[in-house]
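K.L.:
Below is one structure. I have some questions about it.
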Amino acid sequence: MRSAARLLREGGLVAFPTETVYGLGADATKEEASSAIFAAKGRPKDNPLIVHIGQKKQLTQITREIPPVAHQLLHRFCPGPLTLVLKHNGSLAQTVTAGLDTVAVRIPSHPVALALLQLADIPIAAPSANRSGRPSPTTADHVWSDLAGKIDILLDSGPTSVGVESTVVDVTGKVPVLLRPGGITIEELKKAIGKIEMDPGLLNQKRKPRSPGMKYKHYAPQGELWLVQGEEKSMIRKMRQLAEQALARGKKVGILTTEEHQDQFRGLFVVSCGRRKEPASVAIRLYDALRRFDEEKVEIIYAESFPQYGLFHSIMNRLWKAAGGRVIKS
Ligand code: TXA
Ligand code: MG
């Protein structure tokens, strides 16, 4: 841990666990160090990075102002899977903020992340530690398969506990705006602060999202993923029917479903991503499940969809992106 913290201070690249997904960290105040993140991931330069800090008091070192609602959110959810977009004070590398006047900041709750950030004692820019466009890494193996040879140290702390990335909220305007649903649910946010708006880009794929990263095709397996919607029974029937048709066309087919339904797909390549009754179990396994289809070189995937509440919001947002808008109603 000490050598990882030293390496960060010297401008190196360190992959480390957070409670959401593994991050790829570098000194957020150094241009060269943060540019190396973009190179390792193959990330477009116009997509800013989240800055991670180990203590709330570091916020005043990088931001210009902290509005009251930010204090409320910090008090209620930080450390934890929440990222706040605030006005920065110019002390960070331009590459990190992609030239914007705002910065996205978070304090992760994972003990290894916290210890590393506190030892390094500098703001650390860290996107998810995957190759750009691939599903985010929830295990050290995922990081290794995407970035081996491109990073200086990888801290392996086993699977992450949340499984989807942090919730991103812009608190620079009059009313807070949800830019990316994630580990903290919309219901929890509303309970804590009352009013919150949704970025129109989240609700309508044709609108340009305000969070630069949300406009890219993301989280996608190499095969073509189709999201099948509808009432549970007819959805499962439709998935089975579509899979059989694709098989007949000679395709290598995969099914992404839950434990409750996996028996309905006997004879097919099936990956279960947790229990439908427990959104948190699906969040934990979603990205690993998506990666399994690549390992098997699956060409076409039919995925179960979920009702829009709690963590399922975030899960559906990722599946929607992985599908690149390919939705079938049953
Ligand atoms: O859970 C997480 O947030 C993980 C772990 C490693 O902390 N990190 C993560 O980073 O997901 P990344 O880079 O994969 O996603 C950052 C998101 C992108 O959608 C990016 O566009 C957005 O945050 N973002 C960063 N700075 C922003 C800003 N100033 N304004 C609006 N959105 C911003
Ligand atoms: Mg990412």
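The values are calculated or read from the model by the stated rules, or taken from the named source; none is laboratory data. This is a predicted model, so every value here is computed, not measured. FYI the Cβ positions are ideal-geometry reconstructions off the backbone, even for glycines, and counts take in every protein chain you see.
K.L.:
Would you check which residues across segment 290-312 are within 18 Å of the chain's Cα centre (by Cα) and within 11 Å of Leu225 (Cβ to Cβ) and list them?
P.N.:
Leu290
K.L.:
Restricted to segment 15-36, and to residues that are of a type in the set (A, V, I, L, M, F, W, C) and under 21 Å from Tyr287 (Cα atoms), which residue is nearest to ligand 2 (Cβ to nearest atom)? Write out each step before concluding.
P.N.:
Restricting attention to segment 15-36, the residues satisfying the condition of being of a type in the set (A, V, I, L, M, F, W, C) are 15-16, 21, 24, 26, 28, 33, 36.
Cutting the leftovers down to under 21 Å from Tyr287 (Cα atoms) gives us 15-16, 21, 24.
Working: Ala15: 13, Phe16: 15, Val21: 7, Leu24: 9 Å.
Selected residue: Val21.
K.L.:
For segment 28-38: of the residues being within 15 Å of ligand 1 (Cβ to nearest atom) and touching a residue at least 60 places away in the same chain (Cβ under 8 Å), which is surrounded by the most Cβ atoms within 10 Å (Cβ to Cβ)? Spell out the reasoning first.
P.N.:
Narrowing segment 28-38 to residues within 15 Å of ligand 1 (Cβ to nearest atom): 28, 34-38.
Okay, now just the ones that are also touching a residue at least 60 places away in the same chain (Cβ under 8 Å), so 28, 34-35, 37.
Details: Ala28: 28, Ser34: 26, Ser35: 16, Ile37: 24.
Applying the filter and picking the extreme gives Ala28.
K.L.:
Condition check: surrounded by fewer than 16 Cβ atoms within 10 Å (Cβ to Cβ) and either polar (S, T, N, Q) or in contact (Cβ under 8 Å) with a residue 40 or more places away in the chain (or both). Does Lys252 satisfy that? Explain how you work it out, then say what you get.
P.N.:
Details: surrounded by fewer than 16 Cβ atoms within 10 Å (Cβ to Cβ): yes; either polar (S, T, N, Q) or in contact (Cβ under 8 Å) with a residue 40 or more places away in the chain (or both): yes.
Taking the combined requirement at face value, the residue satisfies it.
K.L.:
Looking only at segment 241-252, which residues are assigned to a helix (DSSP H, G or I) and within 16 Å of Val298 (Cα to Cα)? Please lay out each step first, then the result.
P.N.:
Step one: of segment 241-252, the residues assigned to a helix (DSSP H, G or I) are 241-248.
Across segment 241-252, the qualifying residues are Leu242, Ala243, Glu244, Gln245, Ala246, Leu247, Ala248.
K.L.:
So Arg134 clears everything in (1) within 15 Å of the chain's Cα centre (by Cα); (2) closer than 14 Å to Gly54 by Cβ except one condition, right? Which one?
P.N.:
So Arg134 meets the others, but not (2).
K.L.:
Need pairs with beta-carbon distance below 9 Å; first residue within 11 Å of Thr102 (Cβ to Cβ) and within 16 Å of ligand 2 (Cβ to nearest atom) and within segment 167-181, second in a loop (DSSP other than H, G, I, E, B) and among the charged types (D, E, K, R); sequence gap 6+ or separate chains.
P.N.:
Between residues of segment 167-181 that are within 11 Å of Thr102 (Cβ to Cβ) and within 16 Å of ligand 2 (Cβ to nearest atom) and residues that are in a loop (DSSP other than H, G, I, E, B) and among the charged types (D, E, K, R), the close pairs are Leu179/Asp199; Leu179/Arg210.
K.L.:
Among the residues of segment 301-330, which ones are in a loop (DSSP other than H, G, I, E, B) and among the aliphatic types (A, V, I, L, M)?
P.N.:
Once the filter is applied, which keeps residues that are in a loop (DSSP other than H, G, I, E, B) and among the aliphatic types (A, V, I, L, M), segment 301-330 yields only Ala323.
K.L.:
Would a scan of segment 99-116 turn up a residue that is surrounded by fewer than 19 Cβ atoms within 10 Å (Cβ to Cβ), β-branched (Val, Ile, Thr), more than 9 Å from ligand 1 (Cβ to nearest atom) and touching a residue at least 12 places away in the same chain (Cβ under 8 Å)?
P.N.:
So far as segment 99-116 goes, yes, one or more of its residues are surrounded by fewer than 19 Cβ atoms within 10 Å (Cβ to Cβ), β-branched (Val, Ile, Thr), more than 9 Å from ligand 1 (Cβ to nearest atom) and touching a residue at least 12 places away in the same chain (Cβ under 8 Å).
K.L.:
If you don't mind, there's one more thing I want to ask. Ser109 versus (1) within 16 Å of ligand 2 (Cβ to nearest atom); (2) part of a loop (DSSP other than H, G, I, E, B): which is the lone unmet condition?
P.N.:
In the conditions (1) within 16 Å of ligand 2 (Cβ to nearest atom); (2) part of a loop (DSSP other than H, G, I, E, B), Ser109 misses (1) alone.
K.L.:
Which residues, counting only those in segment 65-92, are farther than 18 Å from Val177 by Cβ and away from ligand 1 (no atom under 13 Å from the Cβ)?
P.N.:
His75, Asn89, Gly90, Ser91
K.L.:
Out of the residues in segment 12-27 that are away from ligand 1 (no atom under 11 Å from the Cβ) and among the hydrophobic types (A, V, I, L, M, F, W, C), which is farthest from Ala148 (Cα to Cα)?
P.N.:
First, pick out the residues of segment 12-27 that are away from ligand 1 (no atom under 11 Å from the Cβ): 12-14, 26-27.
With among the hydrophobic types (A, V, I, L, M, F, W, C) added as a condition, the list becomes 13-14, 26.
On the way: Leu13: 12, Val14: 12, Ala26: 16 Å.
Checking each candidate, the answer is Ala26.
K.L.:
From the set of residues in segment 260-300 that are among the hydroxyl-bearing types (Ser, Thr, Tyr) and in a helix (DSSP H, G or I), which is nearest to Tyr219 (Cα to Cα)?
P.N.:
Pass one, segment 260-300, residues among the hydroxyl-bearing types (Ser, Thr, Tyr): 272, 281, 287.
Within this subset, residues satisfying the condition of being in a helix (DSSP H, G or I) are 281, 287.
Details: Ser281: 18, Tyr287: 8 Å.
Per the criteria, the residue is Tyr287.
K.L.:
Which strands (runs of 3 or more DSSP E) sit wholly inside segment 1-85 and have at least 2 residues that are over 16 Å from the mean Cα position of the chain (by Cα)?
P.N.:
Working: elements: 14-16, 23-27, 50-52.
Fully inside segment 1-85 and qualifying: 23-27.
K.L.:
Right, another one. Tell me, which residue of segment 166-180 that is of a type in the set (A, V, I, L, M) and either in a loop (DSSP other than H, G, I, E, B) or at positive phi (or both) is surrounded by the fewest Cβ atoms within 10 Å (Cβ to Cβ)? Walk me through how you get there before you give the answer.
P.N.:
As a first pass, look at segment 166-180 and keep what is of a type in the set (A, V, I, L, M): 168-169, 171, 175, 177-179.
Filter once more, so that each one left must be either in a loop (DSSP other than H, G, I, E, B) or at positive phi (or both): 171, 175.
Working: Val171: 24, Val175: 12.
Across segment 166-180, the extreme among qualifying residues is Val175.
K.L.:
Can I ask one more? Find the residue count for segment 124-165, including only residues that are within 13 Å of ligand 1 (Cβ to nearest atom), touching an Asp or Glu at 6+ places or on another chain (Cβ under 9 Å) and not in a strand (DSSP E or B).
P.N.:
Result for segment 124-165: 14.
K.L.:
Identify, from the list Val298, Val282, the residue that is at pLDDT 95 or above and out of contact with any Leu (no Cβ under 9 Å at 6 or more places or on another chain).
P.N.:
Values: Val282 fails: out of contact with any Leu (no Cβ under 9 Å at 6 or more places or on another chain).
When all the criteria are applied, what remains is Val298.
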